[in-house]
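We did not get these values from a lab; they are worked out from the coordinates using the rules stated. Here the structure is a predicted model, which means the values were calculated and not measured. Positions of Cβ are backbone-derived with ideal geometry, glycine not excepted, and every protein chain shown enters the neighbour counts.
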Amino acid sequence: MNSLRKNDALALLVCAVIYGAIYFAIEERILTPFWALSILAILINIVLSSSLNLINGFTGQFSLGHAGFMAVGAYVSAVMTVNFEMPFAVSMLAGAVAAGGLGLLVGLPTLRLQGDYLAIATLGFGEIIRIFILNIEYVGGAAGFSGIPKETTFTWAFWIMVLTLFVIRNFTRSTHGRACIAIRENEIAAEAMGINTTYYKVLAFTIGAFFAGVAGGLFAHLYYIVHPGSFIFLRSFEILAMVVLGGLGSITGSVIGAVVLTVASAALASYPEVRMLIYAAGLVILMNFRPQGLLGTKEFSLQMLTGFRKGGK
């Protein structure tokens, strides 16, 4: 327990140092506005990829509807801010709770399915959510919902990202998280050992949807406008690519996958004609030579650096 607390304190200190360095670079204009905005996009994508990894990586499900839950969080938080003049924190919480509640409702009937059937069902629900929003005039319909104040700052996005990783990491290390991992490894054996597989799958799905709603709230208050076109099924595939790239079952892998793909997309923005070709080719090459992702199920930690240093000596 003391070791865990020391590790948490050390991780928090590292986060504070990273926050201070990036904040200084943004405030002193060392980073251009384009890359400052890209950093915010990276932080939002880390929240999305880590929350999806809880579902796909740690619980072994195959969800393709994450963009739908992100859309719910984005629209609900935007409506709370613009139409009801709620504080940013309250709007964010409302969007996250709405997305989590919808995740619970969707998860109860669909998570009895497995594999490709679950992927098709969640993909369908994601599209249903988007089409439903597309036909609601109250939130702008096809034109999108505009006039959203820019409340998402680097400070908000960074510490919400840290909180998300902390909650998901502690969940995966708890009794509930170990039950989810047991389901991933062998659902039949887990059920034979008395684990309520449906309960834990729905629990992981609801938590993942909750944090997707958090990311949606950050997204909405960053770009002033939310549009149904921002939450098409390709967005879900993009989030899944980050998870697979970093490693299914690795939180730090989700962070690395989100950083790599977001930076690559931003760096290739000047070459729109070949951007997607290079992007896709890189993923194909990686999946051929390292199908388990960059980290697999391993976690990058400060202890690994210490071990490498000792090994070098």
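Figures for the structure shown
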quantity: Three-way shape call for segment 32-232 based on the alpha-carbon gyration tensor, with the a/c threshold at 1.5; calculated: prolate
quantity: Ranking of Leu64, Leu40 by count of other Cβ atoms within 10 Å, fewest first; calculated: Leu40, Leu64
quantity: For the chain, calculated [θ]222 nm from helices alone, where every DSSP H run of n ≥ 4 adds -39500 (n - 2.57); calculated: -24500 deg cm²/dmol
quantity: Cβ crowding within 10 Å averaged over residues, with 125-138, 19-32 ranked highest first; calculated: 125-138, 19-32
quantity: Per-residue Cβ neighbour rank within 10 angstrom, fewest leading, Ser270, Ser50, Ser230, Ser91; calculated: Ser270, Ser230, Ser91, Ser50
quantity: Order of Ile55, Ile120 - criterion: other Cβ atoms within 10 Å of each residue's Cβ, fewest first; calculated: Ile120, Ile55
quantity: Span from the segment 63-132 Cα centroid across to the segment 221-236 one, whole angstrom; calculated: 13 Å
quantity: Positive-end residue of Gly68, Gly124, Phe34, charge dipole of segment 32-232 with Cβ unit charges; calculated: Phe34
quantity: Cβ-placed point charges (K, R +1; D, E -1), dipole of segment 32-232 about Cα centre in debye, nearest 20; calculated: 340 debye
